[in-house]
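Participant: One structure, pasted below without further comment.
The values are calculated or read from the model by the stated rules, or taken from the named source; none is laboratory data. The structure displayed is predicted, hence computed values, not measured ones. Positions of Cβ are backbone-derived with ideal geometry, glycine not excepted, and every protein chain shown enters the neighbour counts. Heavy atoms of the whole protein, side chains included, go into the accessibility calculation; ligands, DNA and RNA do not. Shrake-Rupley method; radii C 1.70, N 1.55, O 1.52, S 1.80 Å.
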Amino acid sequence: MSSLPLEKVKVLDLSNLLAGPMLAMYLADFGADVIKVEQPSGGDEMRRWGRSKNGVGLFYKMINRNKKCVTLNLRSPKGQEIVRRLVAEVDVVVENFRPGRMEKWGLGYDTLRAINPGLVMVRVSGYGQSGPYSTRPGFGTIAEALSGCAAITGYSDDNPLLPSFGLGDGSAAIFGAFGTMLALFNRANNGGKGQVVDVSLYEGLFTLLGPQVVDFDQLGVLQRRNGSRLPFVAPRNTFRTSDERWIAIAGSTQTTFERMARALGLDDMLSDPKFASNEQRITNCEELDERIQERIAHMSYAEAMQALVSSEAPAGPVNDVENFLDDPHFQARENVVSVDDDELGPIRMQNVVPKLTGTPGKVKWAGGKIGQFNKEIYAGLLKMSASEIGDLRQQGII
């Protein structure tokens, strides 16, 4: 099969910065025809967010790949009219403005649904479209704190830690893409009616925390910060080798713990009652980790990995980007892809996930120049004349 699974899906991406654009990126990766709308003056803030090369924003290049970039002033009545014309042509609209902003512009779901009854509108916001916090400005950092993620990240005697990447935005993007697929599936099977997909930045993270709510509800137990340890399995930590590399180890089952102990020459632990079961290892996790660290500190990274992997004990390197670009497994799985770019030449970025055997996704191009596809969309899709497009450009509408 050569076609991509979403080739017939058309998406209007009105969002900016991270969560909404990343959500639309996932759809574009699998063939959706995504029109990326930016303000005429300066474009998406993501173009200036993070690192750049020769004045070109690098993060923008990744999360707006495979999209057709156009400019349009959403704050102008004429720009709003053009949005409504575009809505008639698409299946999905993605937006991440503060709740109420789209309604203020005459672009709320009721208005757009009247134009296109089958429209799926994906609304990404900090706190969701309802509730007492809904009108507050929201960013991924706040969601990471609000969700409970930061409260359990870090060491017990130190500050709560926020993740050093866009975890809140990224998780919202994944849940939002999943919600989009659910809404499109429902539309296809239930009369062609669209609906709103309401995505907050914090709720996906809150779900990913796992058993915290049920543990507190049933046992009154609160998970606390405890470094890299988990409250339900031991060992689970990172350990430093003699040559200053780090290895992660997880003894998630009894058999994997036993393999790990034998691989490291810690056979005596297998007969020690303090480490006889997972429950006992959790109780004595500090001593357990000290024993493992003491052993690994006398082994090089290569020696430790060889011993663990050959014994089928779950262990892996604590990689950075430089490490995994040379990793044969990453290379075999094609986890990094290189694409040619008009502005930067060859550019590498993470490849499409998940992998589909019949209709795999593809990175066709990196995020484009501001307004690169204006002519294709306005003259082609909306049948505007050259003079009309010129007038819109002169007025600052596009």
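Participant: Consider only pairs whose beta carbons are under 8 Å apart and that are at least six residues apart or on different chains; among these, list those whose first residue lies in region 51-67 and is in a helix (DSSP H, G or I) and whose second residue is open to solvent by 70 Å² or more (accessible area, probe 1.4 Å).
Facilitator: Once the first residue is in a helix (DSSP H, G or I) and sits in region 51-67, its partners that are open to solvent by 70 Å² or more (accessible area, probe 1.4 Å) give 58/51; 58/52; 59/49; 59/51; 60/49; 62/350.
Participant: Related question: Could you tell me which residue of region 282-334 is nearest to residue 244 (Cα to Cα), considering only residues that are touching a strand residue (DSSP E or B) at 6+ places or on another chain (Cβ under 7 Å) and outside any helix (DSSP H, G or I)?
Facilitator: Here the answer is 297.
Participant: Quick check: is even one residue across region 161-183 farther than 21 Å from residue 286 by Cα, without any contact (Cβ under 8 Å) to a residue 60 or more places away in the chain, open to solvent by less than 70 Å² (accessible area, probe 1.4 Å) and touching a strand residue (DSSP E or B) at 6+ places or on another chain (Cβ under 9 Å)?
Facilitator: Within region 161-183 (the criterion being farther than 21 Å from residue 286 by Cα, without any contact (Cβ under 8 Å) to a residue 60 or more places away in the chain, open to solvent by less than 70 Å² (accessible area, probe 1.4 Å) and touching a strand residue (DSSP E or B) at 6+ places or on another chain (Cβ under 9 Å)), the answer is yes, since at least one residue qualifies.
Participant: Now for a different question. In region 353-370, is there at least one residue being surrounded by 15 or more Cβ atoms within 10 Å (Cβ to Cβ) and either touching a Ser or Thr at 6+ places or on another chain (Cβ under 7 Å) or polar (S, T, N, Q) (or both)?
Facilitator: Yes, that holds for at least one residue.
Participant: Another one. If a residue has to be part of a loop (DSSP other than H, G, I, E, B), touching a Ser or Thr at 6+ places or on another chain (Cβ under 6 Å) and under 16 Å from residue 16 (Cα atoms) to count, how many in region 96-137 make the cut?
Facilitator: Residues flagged as part of a loop (DSSP other than H, G, I, E, B), touching a Ser or Thr at 6+ places or on another chain (Cβ under 6 Å) and under 16 Å from residue 16 (Cα atoms) within region 96-137 amount to 2.
Participant: Could you tell me whether region 226-235 includes any residue that is surrounded by 15 or more Cβ atoms within 10 Å (Cβ to Cβ) and β-branched (Val, Ile, Thr)?
Facilitator: Yes, that holds for at least one residue.
Participant: Among the candidates 397, 347, 377, single out the residue that is touching a residue at least 60 places away in the same chain (Cβ under 8 Å), assigned to a strand (DSSP E or B) and surrounded by 13 or more Cβ atoms within 10 Å (Cβ to Cβ).
Facilitator: 347
Participant: What are the residue pairs meeting all of these: first residue in region 214-228, first residue over 23 Å from residue 289 (Cα atoms), second residue open to solvent by 70 Å² or more (accessible area, probe 1.4 Å), Cβ atoms under 7 Å, and 6 or more apart or on different chains?
Facilitator: Filtered contacts from region 214-228: 215/221; 216/222.
Participant: Filter region 38-50 down to the residues that are crowded, with 21+ Cβ neighbours inside 10 Å and either without any contact (Cβ under 8 Å) to a residue 60 or more places away in the chain or touching an Asp or Glu at 6+ places or on another chain (Cβ under 7 Å) (or both) and list them by number.
Facilitator: 38, 44, 46
Participant: State the number of residues belonging to region 1-37 that are touching a residue at least 60 places away in the same chain (Cβ under 8 Å), more than 19 Å from residue 362 (Cα to Cα) and hydrophobic (A, V, I, L, M, F, W, C).
Facilitator: 5
Participant: If you don't mind, another one. Select from region 13-65 the residues that are in contact with a strand residue (DSSP E or B) (Cβ under 7 Å, 6 or more places away or on another chain), closer than 19 Å to residue 348 by Cβ and aliphatic (A, V, I, L, M) and list them in ascending order.
Facilitator: 28, 46, 58, 62
Participant: Does any residue of region 129-146 turn out to be polar (S, T, N, Q), open to solvent by 20 Å² or more (accessible area, probe 1.4 Å), free of Cβ contacts under 8 Å to residues at least 60 places away in the same chain and under 28 Å from residue 204 (Cα atoms)?
Facilitator: yes
Participant: Determine whether region 70-93 contains at least one residue that is under 21 Å from residue 166 (Cα atoms) and either buried (at least 16 other Cβ atoms within 10 Å of the Cβ) or in contact with a strand residue (DSSP E or B) (Cβ under 9 Å, 6 or more places away or on another chain) (or both).
Facilitator: no
Participant: If I go through region 193-219 residue by residue, how many of them are open to solvent by less than 40 Å² (accessible area, probe 1.4 Å) and either out of contact with any Phe, Trp or Tyr (no Cβ under 6 Å at 6 or more places or on another chain) or not hydroxyl-bearing (Ser, Thr, Tyr) (or both)?
Facilitator: Selection size over region 193-219: 7.
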